[in-house]
1. Could you tell me whether B:G142 is among the small types (G, A, S) and either facing chain A (nearest Cβ under 7 Å) or crowded, with 19+ Cβ neighbours inside 10 Å (or both)?
2. May I ask you to list the residues in region B:78-89 that are part of a loop (DSSP other than H, G, I, E, B) and open to solvent by 70 Å² or more (accessible area, probe 1.4 Å)?
3. For the condition near DNA strand C (Cβ under 10 Å from one of its atoms), within 14 Å of chain B (Cβ to nearest Cβ) and hydroxyl-bearing (S, T, Y), what is the one hit in A:S31, A:S42?
4. Taking A:H143 as the residue in question, decide whether it is closer than 20 Å to B:T92 by Cα and assigned to a loop (DSSP other than H, G, I, E, B).
5. Filter region A:41-77 for residues that are aliphatic (A, V, I, L, M) and not in a helix (DSSP H, G or I) and give the result.
6. Name the residue that is farthest from the other protein chains (Cβ to nearest Cβ), counting only residues in region A:149-163 that are open to solvent by 10 Å² or more (accessible area, probe 1.4 Å) and in contact with a Lys or Arg (Cβ under 9 Å, 6 or more places away or on another chain).
7. So which residues in region A:34-55 are within 12 Å of DNA strand D (Cβ to nearest atom) and in contact (Cβ under 8 Å) with a residue 40 or more places away in the chain?
8. Which of the residues that make up region A:121-132 are over 14 Å from the mean Cα position of the chain (by Cα) and open to solvent by less than 60 Å² (accessible area, probe 1.4 Å)?
Protein chains: 2
Amino acid sequence: MPRTVDREEQRRHIGTALLRLVSERGLDEVSVRTVAAAAGRSPGAVQKYFRTKEEMLAFAAELAGEHVERRMAGVDTSLPPRRALRALILTTLPVDAERRAEATAQLAFAVHAAHHPRLAAIRRQVDEDVRQALAAWLEAAGHGAHATAVADAVIALSDGLALRMLYAPQEHEHLLTVLDHALDALLPAPPAMG
Amino acid sequence: MPRTVDREEQRRHIGTALLRLVSERGLDEVSVRTVAAAAGRSPGAVQKYFRTKEEMLAFAAELAGEHVERRMAGVDTSLPPRRALRALILTTLPVDAERRAEATAQLAFAVHAAHHPRLAAIRRQVDEDVRQALAAWLEAAGHGAHATAVADAVIALSDGLALRMLYAPQEHEHLLTVLDHALDALLPAPPAMG
DNA sequence: CTCTTTGAGATACAGTCGTATTCTAAAGCG
DNA sequence: CGCTTTAGAATACGACTGTATCTCAAAGAG
């Protein structure tokens, strides 16, 4: 077995380049060749790690999902509930360059998934994970009633806000106040003692 | 001036075919040739009405926006407030084949707009119109406080729910209950007298 | 009628697409 | 050392892309 290399790391390298490309130029600028160039590889090399473009996209979609889940897991959930929830949501919103890139990719994949079952399955799994995490945290924070319904509403709200922020960056600030207003409404009064 | 034809009607005919194509096969199946085929025209004929593909996409995006606004304008807003608001939102959700097609196209254009300024401008205008309509109605229904913030939250929520319904149709019913729960939370108690 | 302008289709072109195949060089194993 | 397997680049292929150009039939204006 000569000249062996960490295949998974190479795949992540290429997948990361693909995500960057999606966020910077859009999903329809993604081709085997452009991804290879963005990854500093030859098109032939990319083919060694992904037999088809669809396989490459699926891998990148999973990678993007992992990024979101990791980022959410890194939030300090011992903060005051309302503040923690806001922090959790902000991890999915395009508030800085890195998050903007991730949000762009997520939404591009989501729309793409409407016509590609394999991507749809990945998206559903990511949604499910995020929903569980949010619901679990909501219950722990004392908002047990309708926790999953609130979690799903929060997810939908976040996606909608993120989507609009992408093509209307001028409204960024305003949309953050919309988020706060909606969260105030969505969460029943905190369990006393601010 | 021989052999004249209603150019605007032809453009709408082609634009409608484009929207159908987007909803059925996705935005990246849209090409001058596939649109021509879907419209029952030759590629050359399509070129007579749209000098470039981008122009064709922009026209279709405006057309889709008009569809949504027309549909919302058709809602009987004299219904009980909560019911009317629900009806307004349902016009943007993929609850039947026709609305599913429109929602699919809207979201595809929205994501596309993240990298195409011309489409972004169209989307922002549609959002603005919908926001104004919603806010005006909210005020008339006695929810004057934070009317535009609520309107924007409702828009984001709708977009997020619609997006998810597209790749997770299994969750359709559940997401409608999420919508109801969120609306209950978003609207302050109705101005007495149910 | 003829002339002229238009709609509409056909064709041409250079470029890109996804993918299959072929090549070169390098590195671990015996 | 040589052998063999691999990484990676290069190339080839047919299909499709957006757009420019050409041809031809049809229809109003004179």
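1. Working: among the small types (G, A, S): yes; either facing chain A (nearest Cβ under 7 Å) or crowded, with 19+ Cβ neighbours inside 10 Å (or both): no.
No: the conditions fail for B:G142.
2. Of all residues in region B:78-89, those part of a loop (DSSP other than H, G, I, E, B) come to B:78-80.
Correct list: B:S78, B:P80.
3. Numbers: A:S42 fails: within 14 Å of chain B (Cβ to nearest Cβ).
Just a single option satisfies the conditions, and that option is A:S31.
4. Numbers: closer than 20 Å to B:T92 by Cα: no; assigned to a loop (DSSP other than H, G, I, E, B): yes.
Considered against the rule, which asks whether it is closer than 20 Å to B:T92 by Cα and assigned to a loop (DSSP other than H, G, I, E, B), A:H143 comes out as no.
5. Here is the first cut: in region A:41-77, the ones aliphatic (A, V, I, L, M) are A:45-46, A:56-58, A:60-61, A:63-64, A:68, A:72-73, A:75.
Correct list: A:V75 only.
6. Here the residue is A:I155.
7. Once the filter is applied, which keeps residues that are within 12 Å of DNA strand D (Cβ to nearest atom) and in contact (Cβ under 8 Å) with a residue 40 or more places away in the chain, region A:34-55 yields only A:Y49.
8. Kept after step one, since they are over 14 Å from the mean Cα position of the chain (by Cα), are these residues of region A:121-132: A:121, A:132.
Listed by number, the list holds a single entry, A:A121.
The values are calculated or read from the model by the stated rules, or taken from the named source; none is laboratory data. The structure displayed is predicted, hence computed values, not measured ones. No Cβ is skipped: glycine too gets one built from the backbone with ideal geometry, and neighbour counts run over all protein chains shown. Side chains included, ligands, DNA and RNA excluded: accessible areas come from the protein's heavy atoms. Shrake-Rupley method; radii C 1.70, N 1.55, O 1.52, S 1.80 Å.
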